[in-house]
Structure formats: C-alpha cells, structure tokens
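Asker: Please see the structure below; I have some questions.
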Amino acid sequence: MYLVTGCDGQLGNELKRLLGENADYTDRKLLDITNPEAVKLIINPERYQAVINCAAYTAVDKAEDDADAAAKINIEGPANLAVSGVPLIHISTDYVFDGRSYTPYIETDPTRPKSVYGCTKLEGEKAVMTRADTAIIIRTSWLYSEFGNNFVKTMRRLGKERHMLKVIFDQIGTPTYAADLAAAIVQILPQIKQGTKSIYHFSNEGVCSWYDFAKAIIEMSGLDCDIYPIESWEYPSKTSRPPYSVLNKAKIKKEFGLRIRYWRDALRECIDRMEGNIL
C-alpha cells in the first residue's frame, strides 16, 4: 500500500487514476504534513511501502509575500515525511536553478534559486536528503494536466475569449504532462532500493518557449486566436523565473528504464482528454 499526499492536485489526481485502490490519498484536511504529530500518527513502515509527496506551495508569485506559509509546506512538510521511516518520493522543481545555463541541467549542477518558491523547494530537498533513510527526489517543470489550474487550461480559456494573446518567448524549458510523470512514478515504485537517496530530473522530451507551448495549445484546440511573442520585461512579475530550465533526463531513464514522450505528443493526449475524446 502506498500513500499519496496532496492528492487533489494535478499529479495527485493522475496517481489516483493509476494506483487506484493500491494507495491511500490525503489532502490537507486529512493530513497536514506540516504537523509532525499528525504525520507520526498516520504514516508508519508497517502500513506503507512508500509515500509520494505531491503536496506543495506552488503559487510562485504569491510566495514572495507569503514566505512563511511557503516554507511550512515546502520545507517543514517534507522534513516531517522524511523521518517517518517510510521510503519517500518527493516532487521538486526546475526553480531550484537560476536559469543561466545553456545546456540541459543535470542533477549535480549548482542550485541557485532566485525566488522564495525556488528557495523553499531547495531547502525541502535538503531536508529530505538529510533526514530520510530512503528517498527519491524528482525535479520537474511546467506541469500541466486536465486537473486544477495550469497554463494549458488558461490558454484554452483565453483563446476562446480573445482574438490575440501575448506570450513570453524568451523563457525556455519543457512542459510536463502530469499523467506521464505519474506513470513514471508508478514504474519507479517497485524499483526503490532501501537505504538509497538520490535526485532525478523528469519532464517530457524536447524543448520549447512558453510562446511555442501556447501556439501548440491553440492549434491543437482548434481555436482562432493569434499568439504574439513578447519578452519577459513586457510581462512584469514579482518572481524571477528561470530563463532556461531544460532538464537532462538521462539519469532517470537509465536507472529506471523509462521511455519518455515528446512534449507535443503528450499535449495532444491531454487536450483529447479535456475534449472528451479519451476517457
């Protein structure tokens, strides 16, 4: 039996679809991971083979003004889960990097987060690596699905309301379909080795800008909306976002035998699901 925290988010919902009755699912109402006593009460090695922590404070801009709340969820929460004695899969982010590289990031590249969100996620990684007996940290990027709020759903909504949208073209990365990340986690679960701790990168294959991503979303959705490229300075934000955050996935593919889809192929499936073409 597995335990999935943050079960109502994008990744949590995809894990529900795949794991079904083989896991228990908790949201903040059922388990506050920032409460160490609550974690001790629910999580123990006799009941669970592994915990998959999908709970996170992900409001990147809001975190700049709400650092304490971000720290509680992104640092204290993982730290509490790490000492439970149950193997932990913890989800992290490309925001731990400053985005100044020009080649895909490997797991051992220097981390230099430029935002409160990135800093708290990095400290959460450190807490897991320090406290857990067995842990896998998976950094991912540009997560989307048919669940929750995300870039794909926003572009589809705005594309129906407007004839033109301005989207940043000078931030480069790779979208990640939550269903593909969930499938990778399910493949990894039986391969967890007791007593090991390691960091991995996962996204879909390929590289694009937010502009390219938006163009593909509008095109695949059959919407009549022009996408106009703009620079980051033209779209003011509280948060310093990585201008380049492509993740190198060679390690996770080699160690767990994963095959990863091209981002456009994954996007096509997600949009088909949204439109009811796939159940």
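Asker: Of the accessible area of the chain, with the probe set at 1.4 angstrom, what percent is carbon plus sulfur?
Answerer: 50
Asker: Using +1 at the Cβ of each Lys and Arg and -1 at the Cβ of each Asp and Glu in the stretch 167-279, identify which of Gly276, Ile192, Trp233 lies farthest towards the dipole's positive end.
Answerer: Ile192
Asker: Please work out the Cα center distance from the stretch 48-63 to the stretch 1-46, rounded to the nearest Å.
Answerer: Between the Cα centre of the stretch 48-63 and that of the stretch 1-46, the gap is 11 Å.
Asker: What does the charge add up to near Ala55, with Lys and Arg as +1, Asp and Glu as -1, over the other residues with Cβ less than 13 Å from its Cβ?
Answerer: Net charge around Ala55: 0.
Asker: Using a Förster distance of 45 Å, how high is the FRET efficiency between Thr130 and Ser232, based on the Cβ-Cβ distance and rounded to 0.05?
Answerer: Here the calculated transfer efficiency is 0.85.
Asker: Starting from the Cα of Glu205, step 7 Å along the direction of its Cβ; do the same at Asn248; then give the gap between the two resulting points in nm.
Answerer: 1.8
Asker: What whole-number value in cubic angstrom gives the convex hull volume per residue for the C-alpha atoms of the stretch 183-278?
Answerer: Numbers: hull volume 14.3 nm³, N = 96.
Taking the convex hull of the Cα positions in the stretch 183-278, it is 149 Å³ per residue.
Asker: If you don't mind, there's one more thing I want to ask. Whole-Hz ³J(HN,Hα) for each residue in the stretch 47-60, computed from phi via Karplus 6.51 cos²θ - 1.76 cosθ + 1.60 with θ = phi - 60°, x for glycine and proline: what do you get?
Answerer: Once θ is set to phi - 60°, the couplings for the stretch 47-60 become 9, 10, 7, 6, 10, 10, 8, 9, 6, 6, 8, 10, 6, 4 Hz.
Asker: Let me ask another. Around Ile52, which amide H atoms from residues at least 5 apart in sequence, or from another chain, sit under 5 Å from its own amide H, with H modelled in the peptide plane?
Answerer: When sequence neighbours closer than 5 places are left aside, the close amide H contacts are Leu3, Val4, Thr5, Ile89.
Asker: Length gain on complete extension for the stretch Asp109 to Gln191, per 0.36 nm per residue less the alpha carbon to alpha carbon distance?
Answerer: Gain on extension, Asp109 to Gln191, equals 27.0 nm.
Asker: In whole angstrom, and with the biggest value first, how far do the Cα coordinates of the stretch 13-78 range along each principal axis?
Answerer: Computed over the Cα atoms, the extents are 39, 28, 18 Å.
Asker: Here is a follow-up. Inverting the mean 1/r over all pairs of different Cα atoms, compute the Kirkwood radius of the stretch 79-156 and quote it in Å.
Answerer: Value: 14.0 Å, from the Cα pair sum.
Asker: Write down the radius of gyration of the stretch 1-131 and its Dmax, each obtained from C-alpha positions, in Å.
Answerer: That works out to 14.9, 46 Å for Rg and Dmax.
Asker: By a straight-distance test (C-alpha under 12 Å), which aspartates and glutamates pair with Lys249 as possible cross-link partners, with residues fewer than eight away in the same chain excluded?
Answerer: The reachable aspartates and glutamates, counting only those whose Cα sits under 12 Å from Lys249, are Glu107, Glu205.
Asker: Right, here's the next one. Taking a probe of 1.4 Å, how large is the accessible area per residue of the chain, in Å²?
Answerer: On a per-residue basis, 47 Å².
Asker: Please work out the FRET efficiency for the pair Ser198 and Asp66, using the Cβ-Cβ distance as r and a Förster radius of 41 Å; give the result to the nearest 0.05.
Answerer: So, using R0 = 41 Å, E works out to roughly 0.85.
Asker: What number do you get for the stretch 40-82 when its Cα radius of gyration is normalised by 2.2 N^0.38 Å, N = residues?
Answerer: Relative to the 2.2 N^0.38 Å estimate, the stretch 40-82 comes out at 1.40.
Asker: Using the alpha-carbon centroid of each, what span in Å lies between the stretch 100-116 and the stretch 215-253?
Answerer: 18
Asker: Moving on to the next point. Inverting the mean 1/r over all pairs of different Cα atoms, compute the Kirkwood radius of the stretch 235-279 and quote it in Å.
Answerer: About 13.9 Å for the stretch 235-279.
Asker: Further question: Counting Lys and Arg as +1 and Asp and Glu as -1, what is the net charge of the other residues whose Cβ lies under 15 Å from the Cβ of Glu146?
Answerer: Details: positive: Lys16, Arg17, Lys153, Arg156, Arg157, Arg268, Arg273; negative: Asp8, Glu14, Asp180, Glu269, Asp272, Glu275.
Taking every other residue near Glu146 into account, the sum is +1.
Asker: List every residue whose amide H lies under 5 Å from the amide H of Thr93, counting only residues 5 or more places away in sequence or on a different chain, with H placed 1.01 Å from N in the peptide plane.
Answerer: Amide H neighbours of Thr93: Thr140.
Asker: Next question, about the same structure. Report the Stokes-Einstein translational diffusion coefficient (µm² s⁻¹, integer) for the chain, Rh taken as the Kirkwood radius over Cα pairs, at 25 °C with viscosity 0.890 mPa s.
Answerer: Values: Rh = 19.2 Å.
Value of D from the Cα-based Kirkwood radius: 128 µm²/s.
The values are calculated or read from the model by the stated rules, or taken from the named source; none is laboratory data. Treat the numbers as computed from the prediction; the structure is a model and nothing was measured. Ideal geometry is used to build each Cβ from the backbone, glycine not excepted, and the neighbour counts take in all protein chains shown. Please note that ligands, DNA and RNA were not included when accessible areas were found on the heavy atoms of the full protein model with its side chains. Shrake-Rupley method; radii C 1.70, N 1.55, O 1.52, S 1.80 Å.
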